[in-house]
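Where a number appears in this text, it was derived from the coordinates with a stated rule and is not lab data. Small disclaimer: the values here were computed from a predicted structure and weren't measured. Positions of Cβ are generated from backbone atoms using ideal geometry, with glycine treated the same way; all protein chains shown enter the neighbour counts.
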């Protein structure tokens, strides 16, 4: 394995079954709340566990403290940030090349949406970020992106700013050439790659790239 300057965040939502395949030597691993216990259960010791740990039993939390390298516990009531954002702040402070987030999508849509919006902060710090789960792989671009199949069926493009202009797609079934997308439009939903890879270029705005499968 090659050394890495990446940070991987594991929260308590849906985590892909093959998550271990995405861990490289040198990755800094953060467990957010129950995500830390999930890692421990699967033989991975996080570099730090953070959160209010209200999703664990006292016995589970005691087990976590015994094995985890560092635990940062916060009060469940008197806190301003979600457990995922606490982990994200730690990740950004390490000035990584990339942040990968697992388990940050789940049944709570408000939390899922807030976690997607955190990717804006990564982009502002010139840090690549992505969100993975069994059915979705999500990235954000303000310039260009190479999209690989990764086993997902559809690619949807959603504006994260009121308008995204100059959208040009190469290697996609449905072409766009210098097109614009505005919030509330569904033109960018459910495209597909022609082969295993495609390219997206934009001139202005921020574009969310959602690869998905049923």
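The table that follows gives values for the structure above.
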| item | result |
| --- | --- |
| With Cα atoms, 0 to 90° folded angle of helix 83-93 axis to the chain main axis | 80 |
| Euclidean distance of C-alpha centroids, the stretch 25-51 and the stretch 87-117, integer Å | 14 |
| Zero-based 10 Å bins, Cα pair distances in the stretch 171-214, whole percents | 21, 62, 17, 0 |
| R0 of 41 Å, Cβ-Cβ distance residue 156-residue 59: FRET efficiency to nearest 0.05 | 0.45 |
| For the stretch 17-56, diffusion coefficient by Stokes-Einstein and Kirkwood Rh (Cα), 37 °C, 0.692 mPa s, µm²/s | 311 |
| Degrees between helix 58-67 axis and first principal axis of the chain (Cα, 0 to 90, nearest 10) | 80 |
| Alpha-carbon Debye profile of the chain, log10 I(q)/I(0) at 0.14, 0.17 Å⁻¹ | -0.85, -1.17 |
